[in-house]
Amino acid sequence: MGVLAEDDNGKFEELDRAECLQLLGGESIGRLATCVDGEAPEVVPVNFVLDGEFVVIRSAPRRAQDLRSRPASFEVDRFDHSRKLGWSVLIRGWLAPNSGDPETEVSVWAPGDRPVLLQLEPEQITGRRISPAPYYVSDVGYL
């Protein structure tokens, strides 16, 4: 972990790979960004599970065929607007057929049949955290 910036407003720091994976392990929804030839990038929310360092999602067969062997990014974040703190994790890599357990449980909220498991094989995992400056309370009493 390294501090990217720090001042009276707070601290902005880089997360190491292990902490990024730990944060992802506690979540179940992220944003998958893909690009199919000749189309603008598409970013959609998806349910996922983390299998080691692989993000596993469910897809409809036709969409899975379009996405296999494509570069993709996956992002998950959590923010507390009132306290001005939060974190974000970004994985960049390639989508491939799932090589793990074919019975992997990926709960899907959206309606429709999604029998195909895909995994995002990471080439890069990065994360950042922002936190406010410490709030100090004086122990000096006034009457």
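Readers should treat all values here as calculations from the given coordinates under stated rules, not as data from a laboratory. Because the structure is predicted, anything quoted here is derived from the model rather than measured. A quick note on method: Cβ atoms are made from the backbone with ideal geometry, for glycine too, and the neighbour counts reach across all protein chains shown.
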Burial ordering of VAL44, VAL89, VAL56, fewest other beta-carbon atoms within 10 Å first: VAL44, VAL56, VAL89
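Mind putting a number on the dipole of the chain about its Cα centre? Charges go on the C-beta only, +1 for Lys and Arg and -1 for Asp and Glu, and I need it in Debye to the nearest 20.
Details: 15 positive and 24 negative charges, 74 e Å.
I would put it at about 360 debye.
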Taking neighbour counts of Cβ atoms within 10 Å as a proxy for exposure, in what order, fewest first, do CYS35, CYS20 appear? CYS35, CYS20
Excluding exposed DSSP-loop GluC sites (Glu not before Pro) (at most 15 other C-beta within 10 Å), longest clean stretch of the chain: 40-102
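Counting other Cβ atoms within 10 Å of each Cβ, which trypsin sites (Lys or Arg not before Pro) in segment 42-112 have at most 16 and sit in a DSSP loop? Write down the numbers at each step before the final one.
Working: sites: ARG58, ARG62, ARG63, ARG68, ARG78, ARG83, LYS84, ARG92; in loops: ARG68, ARG83, LYS84.
Those that pass, being in a loop and sparsely packed, are ARG68, ARG83, LYS84.
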